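The values are calculated or read from the model by the stated rules, or taken from the named source; none is laboratory data. Keep in mind the model is a prediction, meaning the values are calculated, not measured. A quick note on method: Cβ atoms are made from the backbone with ideal geometry, for glycine too, and the neighbour counts reach across all protein chains shown. Just the protein is used for accessible areas: all its heavy atoms, side chains included, with ligands, DNA and RNA removed. Shrake-Rupley method; radii C 1.70, N 1.55, O 1.52, S 1.80 Å.
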Amino acid sequence: MILREYQKGDAAQICKWLRTEEELYKWSADRFNKFPLLAHDIEKHYAPQIETGRFIPLTAVDENDNVQGHFIIRFPKDHDDTTVRFGFVIVDPSLRGRGYGKEMLRLGTAYVKEKLGADRIDLGVFSNNNSAMHCYEALGFKEYGRRNCEMPIGVWECIDMELLIK
């Protein structure tokens with residue numbers, strides 16, 4: 001597995017992986033609020049953020065450039081480069097449960113260390129997403145807070161997690 005910059009064509013693949021409304025909200029929280037999600041919805045959301053230089057979408061691919069997963073890294077606070085946040089984490093459903101997510105985020109952590117110089121990564125995971133939570137814990141992420149998020153399909157508990165990398 002390698003990480004490469006996100007390409008417009010990746011959006012169509014990501015949309016195929018979001019098979020239910022619940023999967024959409026586990027992936028995007030309340031950022032899209034539209035099911036089914038279409039590739040141009042992702043493009044419209046990503047384009048202005050990419051221009052800021054503080055939003056880095058990455059795609060995990062195999063040696064033949066087959067898309068295996070995707071996530072974004074963003075700097076959540078202006079003028080603060082010490083913390084980045086992982087988001088929109090997703091793996092091809094046919095590959096789940098086999099360590100692909102863990103490998104993708106391990107590579108993402110190395111990317112943060114080598115290219116961004118941040119000393120902390122955080123992320124949010126809903127308490128109803130046990131497999132993702134176990135993946136993050138296996139990488140060393142620790143819980144530091146909980147909050148309720150009002151979603152169009154109900155109120156979900158979000159667990160905020162962090163990984164100190166320096």
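Count of region 154-166 residues, restricted to those that are of a type in the set (V, I, T) and open to solvent by 70 Å² or more (accessible area, probe 1.4 Å), is 1. Would you check which residues across region 114-132 are within 18 Å of G97 (Cα to Cα), open to solvent by 30 Å² or more (accessible area, probe 1.4 Å) and either without any contact (Cβ under 8 Å) to a residue 60 or more places away in the chain or part of a helix (DSSP H, G or I) (or both) and list them? The answer is S127, N130, S131.
Does any residue of region 90-112 turn out to be in contact with an Asp or Glu (Cβ under 7 Å, 6 or more places away or on another chain) and either surrounded by fewer than 17 Cβ atoms within 10 Å (Cβ to Cβ) or under 25 Å from A11 (Cβ atoms) (or both)? Taking every residue of region 90-112 in turn, none turns out to be in contact with an Asp or Glu (Cβ under 7 Å, 6 or more places away or on another chain) and either surrounded by fewer than 17 Cβ atoms within 10 Å (Cβ to Cβ) or under 25 Å from A11 (Cβ atoms) (or both). Against the list (1) in a helix (DSSP H, G or I); (2) surrounded by 15 or more Cβ atoms within 10 Å (Cβ to Cβ); (3) in contact (Cβ under 8 Å) with a residue 40 or more places away in the chain, the condition H45 fails is (3).
Within region 28-42, the set of residues being open to solvent by less than 80 Å² (accessible area, probe 1.4 Å), within 20 Å of F86 (Cβ to Cβ) and not aromatic (F, W, Y) comprises S28, A29, D30, L37, I42. Condition test on H40, is it under 15 Å from the mean Cα position of the chain (by Cα) and over 18 Å from G108 (Cβ atoms)? Taking the combined requirement at face value, the residue does not satisfy it.
Quick check on region 19-27. Is at least one of its residues open to solvent by less than 30 Å² (accessible area, probe 1.4 Å) and either over 28 Å from E143 (Cα atoms) or in a loop (DSSP other than H, G, I, E, B) (or both)? No, there is no match, as no residue in region 19-27 is open to solvent by less than 30 Å² (accessible area, probe 1.4 Å) and either over 28 Å from E143 (Cα atoms) or in a loop (DSSP other than H, G, I, E, B) (or both).
Number of residues in region 1-18 that are in contact (Cβ under 8 Å) with a residue 12 or more places away in the chain and either in a helix (DSSP H, G or I) or open to solvent by 80 Å² or more (accessible area, probe 1.4 Å) (or both) equals 11. Considering the conditions (1) open to solvent by 30 Å² or more (accessible area, probe 1.4 Å); (2) outside any loop (DSSP other than H, G, I, E, B); (3) out of contact with any helix residue (DSSP H, G or I) (no Cβ under 7 Å at 6 or more places or on another chain), D78 is excluded by exactly one of them, (2).
Just one of the listed residues (T59, T83, T20, T52) is farther than 30 Å from G154 by Cα and not hydrophobic (A, V, I, L, M, F, W, C), namely T52.
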